[in-house]
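The values are calculated or read from the model by the stated rules, or taken from the named source; none is laboratory data. Bear in mind the structure is a predicted one, so any value in this text is a computation, not a measurement. Methodologically, a virtual Cβ is constructed for each residue, glycine included, from the backbone with ideal geometry; neighbour enumeration extends over all protein chains shown.
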Amino acid sequence: MPIVIENGILDRLGAEILRICSDVVVVIDETVESIWGKKIFTPELTSMTRAKLSILADERAKTMQVVNDLLTRCIETGAMRTTAIIAVGGGLTGNVAGMVAGLLYRGVQFVQVPTTLLAMSDSVISAKQAVNSPNGKNLFGIFHRPDHVIIDPCFLSTLPFEEFSGGMVECCKNALAFRAELLDETRKFIHRLGDPPYWEDIICLGIEGKRQLLAFDEREAGVGIVLEYGHTIGHALELEDIDLCHGHAVAFGMRAAARIARWRGWLSDQDVFIHDELIKSAGVPDCLPNGVDPKRVLRRIQLDNKRGRIRLNTGQVGMVLLQAIGQPAMTDGNPLVPVDIQEIVEALQWLINH
Ligand SMILES: NC(=O)c1ccc[n+]([C@@H]2O[C@H](COP(=O)([O-])OP(=O)(O)OC[C@H]3O[C@@H](n4cnc5c(N)ncnc54)[C@H](O)[C@@H]3O)[C@@H](O)[C@H]2O)c1
């Protein structure tokens, strides 16, 4: 999948997209549209845009209903097999638009124009597209790889700090879970987050960390499951009504997973400290916001979308846990291990009381 990263490519977005397709439906994050709309919709892009569909970047609106409405609008505006879907926004917009692109006529071309650090450095290179169910995160989805990714780091100039920090968490995850050799570089770049000349390097750090793994396992069904480090608990926290962005939810999920691994005698105190120190330096708050309902979180954890990947006994959940920094514990070749509910309850209590 071609990925172009270039400062200022936004000025040539229409021409860049024209290399792929001359008839597009743009699915755009409504906040991004309000800030960047005039710059994005040049006469060239406007002339090839069949429809502009704005969406709200909120996990509660990442639903099949929204996908269904967008698909209906595509049909109503005359979209054809040759129409491409262009996603302009963060990871959420990318996932929703990716669902639309994968389902419309069983799949049309898909172009990602990411506008958050997380989307630029992580989610755009994945083929996984999904939306939430009332029961949990990303429970309904498909695989639909983007045909083209166009990254202009200039979008980051309007990104709130929390979203920068959330994006950096996925880079931290790569270093902690399977690329320990990237720890020093990750630490170095964390201190450069607010420094535009470093944005391209930070984006490449994330992409390279993940791309190597996806080359072996595009569907993230084997070794690629390690990318889910921190996500089992993180996803369940993300749907709580507590204003927690994806990256921060994953960060709390990793801190909880590190505790479970410590209690098992797998990680050392020093390894847990490395987690806490790296995550804190990325700008993640030390404590979970108030208002987490552990019973509700636990129910969601039990419905996690990795269920069935490994054999579990009643009362167990499959999670990515580490045996050392950069070294996930394995079950039958998969980086996933059975974890007792009681271990998770204790880790949640630690997160809430900490
Ligand atoms: N497919 C994958 O492999 C994959 C990987 C990681 C995350 N995800 C998904 O991505 C989502 C998280 O993505 P995200 O962190 O990009 O969040 P997001 O898309 O929800 O955007 C976060 C916030 O930033 C705002 N925003 C976006 N671009 C902006 C800009 N340039 N300036 C100002 N504000 C801007 C949005 O309006 C929103 O309020 C989650 O739903 C997660 O499940 C998917």
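Computed values, structure above
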| quantity | calculated |
| --- | --- |
| 1 or more residues touching a Pro at 6+ places or on another chain (Cβ under 7 Å) and within 11 Å of the ligand (Cβ to nearest atom): qualifying strands (runs of 3 or more DSSP E) within segment 86-167 | 110-114 |
| Pairs, first free of Cβ contacts under 8 Å to residues at least 60 places away in the same chain in segment 67-79, second surrounded by 11 or more Cβ atoms within 10 Å (Cβ to Cβ) and of a type in the set (Phe, Trp, Tyr), C-beta under 9 Å, six or more apart | ALA79/TYR105 |
| Residue in segment 27-55 that is farthest from PRO146 (Cα to Cα), counting only those that are touching a Phe, Trp or Tyr at 6+ places or on another chain (Cβ under 8 Å) and of a type outside the set (Lys, Arg) | TRP36 |
| Residue match in segment 203-225 (condition: closer than 14 Å to ASP122 by Cα, in contact (Cβ under 8 Å) with a residue 60 or more places away in the chain, away from the ligand (no atom under 14 Å from the Cβ) and in a helix (DSSP H, G or I)) | yes |
| Options ALA324, ALA347; residue that is at pLDDT 95 or above, among the small types (Gly, Ala, Ser) and under 18 Å from ASP293 (Cβ atoms) | ALA347 |
| Qualifying residue in segment 58-80 (condition: in contact with a Gly (Cβ under 7 Å, 6 or more places away or on another chain) and buried (at least 20 other Cβ atoms within 10 Å of the Cβ)) | no |
| Number of positions in segment 35-85 that are outside any helix (DSSP H, G or I) and of a type in the set (A, V, I, L, M) | 9 |
| Considering residues of segment 252-299 that are more than 23 Å from the chain's Cα centre (by Cα) and aromatic (Phe, Trp, Tyr) only, the residue surrounded by the most Cβ atoms within 10 Å (Cβ to Cβ) | TRP266 |
